[in-house]
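First comes the structure, then the notes that go with it.
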Amino acid sequence: MNKFYFFCVAISISLLSSAQLAPNTYWIQFKNKNNTSFSLTEPEAYLSDRAIGRRERYSIAIDSTDLPVNSWYLDSLVNKGASILIVSKWFNGAAIYTDNSLVLDAIYQLDFVDQGISTSTQFSMNFFPENEVPNTASIQTDVFDYGSASSQINLHAGQVLHNHGYQGQGMIIAILDSGFDGIDQIDAFDSIFDNHQILATWDFVAHEANVYNDHNHGKSVLSTIAANIPGSFIGTAPKANFLLFRTENTASEYKIEEINWIAAAEMADSIGADVVNTSLGYNIYSLPSHSYTWNDLNDVTAPITIATNMAADKGMLMVTSAGNEGTNSWKKITSPADASKGLTVGACDANGNYVSFSSKGFTVDGDIKPDVCAMGQSATVITASSVTTGNGTSFSSPIMCGLATCLWQVNRNKTNMEIIDLIQRHSNQYNNPDSLMGYGIPNFSTAYEELTTDIEIINSQKNQLIKIYPTVFNDELHIKYFSTIASPIELSLFDMRGQIIFQSHCLSDSNVISYFNIPDLSNLSSGVYILKLVEGQNIYTEQLIKY
């Protein structure tokens, strides 16, 4: 993968109260996107088909924040002598490096640049290393032997989703973290490499594709979702696809790391990610005068919080760790856990009891945070190269992220916010949320039942005109359709890129049943497919899973 500038708009980063992000590193804010070579009417030039499809599915408009930054503006910065580190299209600016004050002064004189305040600002980033809920499963034998991870799966009845075939197939999860050291050499992750489930990697700190040589934190986070060691450790969405992005530099704590995160979220969006997990948090600067206060937990102060909400507005499900501040002087959640449109996850033990290190809510504007809790004490993880246990909301967040991904897989017509609402409503403290555990421990069995009931109601409203089986398929598909009129019928099976896998036509009389069989599907790649049947003015679509 070649080195590139990801032209990731137009929210003023007066949000960044300082222009200096790190030593000799500065934020340059552009006034506009005038004369960009890109157009809102041709988004395929800067968004993948999948990203465009997400917007279409959920009726999300493509707007100026999606447009790349004017490349002439960037060239002008380089021509003045600066090096471009990171570009953000959502915030319409760039992080640059220069050790020459004359270069910086010259850049501030450009008429498309908003001049900032040149005061050093430094963030502190916290790694988050560190109720008995009844579980019911409609399938008696689990498809996975979870080994030591059984507690963190069963606490939420997550095995019910897996047993019904929802294991992350066709979904894309982006992990934004500090590095994934050595995962390409560890047996727990061999499945995601063998099955090509890692779709993209990028190191926003070192500006390279290799994310496998820096820090263990992202590896441990990823393991709770992707590990696949039968009888020892199975993650919560082991068949999902992944984007692995390094945004955090553990050697220093500077504001540039939030900008790295924003650029990574933009890349995840453009590629077409469905879900993003963030097990990072920011609250204390090295310079006390630039530290956040509790009053800044307000949804609109931290750039990473604002970007989390923007990412949610693009249709992605944003899952965030609450923080591990519960027993220190800060005590509260850390940004971006205050994002109102994110799913913030606190930590509990294997019995569903709050653990004291988990950061507390609420936000200053009264949002219930954390939203929910998952197992964060003695959670099963991979550290160096072996299965062990760890403590922290860094692990409760991705555990919840994987299960939320599988739940959304059941019905992709639901929006990200509807999935968050569903998870909250099926939590054991929904009627009495508190500042420690929010709505409590989600039960994915009852959430699944509600989703499938919704689907049954829709089918009932169609008067059972169409029946498709199995919806989680391997070798073949069967479709039964009752025609109420005499009309041509067109049946098509598409992959998520819109390519036709199978198509058939027939002419049906009124009040008869037509049968379709789609054979020889065993060689199809695992993932999500769309079945579409057109009869006159009647159009039926159904999302199917190939395992």
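Observations on the structure shown:
- Check on ASP338, within 24 Å of MET437 (Cβ to Cβ) and at pLDDT below 95: no
So that you can scan it fast, the table gives a plain yes or no per residue for (1) part of a loop (DSSP other than H, G, I, E, B); (2) acidic (Asp, Glu); (3) outside the structural domain of GLU325 (by TED's automatic domain parsing):
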residue	(1), (2), (3)
ASN413	yes, no, no
ILE420	no, no, no
ILE423	no, no, no
SER445	no, no, no
GLU449	no, yes, no
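- Between ASP190, ASP181, ASP177, ASP142, the distinction of being modelled with pLDDT under 95 and of a type in the set (Asp, Glu) belongs to ASP142 only.
- Condition check for GLY366: surrounded by 24 or more Cβ atoms within 10 Å (Cβ to Cβ) and over 17 Å from the mean Cα position of the chain (by Cα): no
- When residues of the stretch 158-178 are limited to those that are in a loop (DSSP other than H, G, I, E, B) and in contact with a Leu (Cβ under 9 Å, 6 or more places away or on another chain), the one surrounded by the fewest Cβ atoms within 10 Å (Cβ to Cβ): SER178
- Residues of the stretch 144-157 classified as in a loop (DSSP other than H, G, I, E, B) and out of contact with any strand residue (DSSP E or B) (no Cβ under 6 Å at 6 or more places or on another chain), total: 2
- Qualifying positions in the stretch 314-335 - closer than 19 Å to CYS401 by Cβ and either modelled with pLDDT under 95 or not aliphatic (A, V, I, L, M) (or both): LYS314, GLY315, THR320, SER321, GLY323, ASN324, THR334, SER335
- Filter result for ALA209 (in contact with a helix residue (DSSP H, G or I) (Cβ under 7 Å, 6 or more places away or on another chain), farther than 30 Å from ASP367 by Cα and not aromatic (Phe, Trp, Tyr)): no
- Assessment of the stretch 249-265 against the conditions (over 21 Å from the mean Cα position of the chain (by Cα), more than 30 Å from LEU451 (Cα to Cα) and polar (S, T, N, Q)) yields at least one matching residue.
- On the stretch given as the stretch 466-498, residues that are loosely packed, with under 14 Cβ neighbours inside 10 Å, in contact with a Leu (Cβ under 7 Å, 6 or more places away or on another chain) and farther than 30 Å from ALA51 by Cα total 1.
- Residues of the stretch 379-388 that are surrounded by fewer than 21 Cβ atoms within 10 Å (Cβ to Cβ) and under 24 Å from the mean Cα position of the chain (by Cα): THR383 alone.
- Residue satisfying all of: in the stretch 81-112; assigned to a loop (DSSP other than H, G, I, E, B) and buried (at least 20 other Cβ atoms within 10 Å of the Cβ); nearest to the chain's Cα centre (by Cα) among these: TRP90
- Those residues of the stretch 268-301 which are within 19 Å of the chain's Cα centre (by Cα) and either surrounded by fewer than 24 Cβ atoms within 10 Å (Cβ to Cβ) or part of a loop (DSSP other than H, G, I, E, B) (or both), in sequence order: SER270, ILE271, GLY272, ALA273, ASP274, SER279, LEU280, GLY281, ASP299
- Residues (within 22 Å of ILE172 (Cα to Cα), surrounded by 16 or more Cβ atoms within 10 Å (Cβ to Cβ) and not aromatic (Phe, Trp, Tyr)) located in the stretch 529-543: ILE530, LEU531, GLU542, GLN543
The values are calculated or read from the model by the stated rules, or taken from the named source; none is laboratory data. Here the structure is a predicted model, which means the values were calculated and not measured. All Cβ positions, glycine included, derive from the backbone under ideal geometry; neighbour counts span all protein chains shown.
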